Amino acid sequence: MNKTAERHRNDKLTQLNLTIEDAKSDLLNELRKADSKGWKITLVVIPVILTSLLGLFIWRVETNITERIQKEAMLHEAWLKISQEFFTQRFEAYRRLLKEVYTLETLIREANSRIEKRVDFYESIGALNNLKKSERLLISKELYRDIHEMWRLTRKAARERPISPEKVKTTSKLKEGIEARMRQELQVDKLSKLGESL
């Protein structure tokens with residue numbers, strides 16, 4: 001009897017398990033049927049939303065990079081224009097100063113032989129003084145010092161009659177020094193080599 005009761009109990013447990021499994025299966029099927037449309041929509045919508053968000057993120061990063069590059073390019077372009085304008089102004093200032101230095105050096109050499117050149121000499125000394133003052137922002141301190149020395153020397157030489165050969169020689173050396181300094185500061189030799197290599 002013990003075995004029969006046990007078998008009966010096992011049969012009832014088995015039936016109960018089958019009933020529970022059937023109920024579970026039916027419930028899951030019902031849930032799947034109810035959620036299948038929503039689940040299918042979710043499976044389609046989630047990748048679209050994620051792809052859109054990723055695309056938006058990438059677009060924003062690219063836009064930031066592009067804006068930064070454009071700003072840097074504009075700043076570089078502005079700096080280049082300012083540098084070019086400054087170099088052009090500086091070159092013109094050096095050209096005017098060198099022209100006046102050459103004129104003064106020539107007038108000093110010829111002053112002893114031609115008295116009428118003395119008037120030009122004084123005008124040229126005044127012109128050099130005015131130029132060195134007006135172009136002070138564009139020229140280096142060293143060049144300003146050299147030009148001031150040229151102006152001072154030629155002013156003293158203008159008072160001499162005749163002008164001493166030492167002053168003529170010193171003026172010529174100063175002129176050569178000023179020209180060499182200008183070539184160095186304007187990087188004329190580098191630019192010439194660069195032009196030849198192109």
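The values are calculated or read from the model by the stated rules, or taken from the named source; none is laboratory data. Values in this document were obtained by computation on a predicted structure and should not be read as measured data. Note that each Cβ is placed from the backbone with ideal geometry, even for glycine, and that neighbours are counted across all protein chains shown.
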Problem set entry | Subset tally (residues that are part of a helix (DSSP H, G or I), within 25 Å of the chain's Cα centre (by Cα) and under 19 Å from K132 (Cα atoms)) for the stretch 160-198 | 2
Exercise. Mind checking whether some residue in the stretch 138-149 is among the aliphatic types (A, V, I, L, M), surrounded by 12 or more Cβ atoms within 10 Å (Cβ to Cβ) and part of a helix (DSSP H, G or I)?
Worked result: yes
Exercise. Which condition does E176 not pass, out of (1) touching a helix residue (DSSP H, G or I) at 6+ places or on another chain (Cβ under 6 Å); (2) modelled with pLDDT of 90 or more, if it passes all the others?
Worked result: (1)
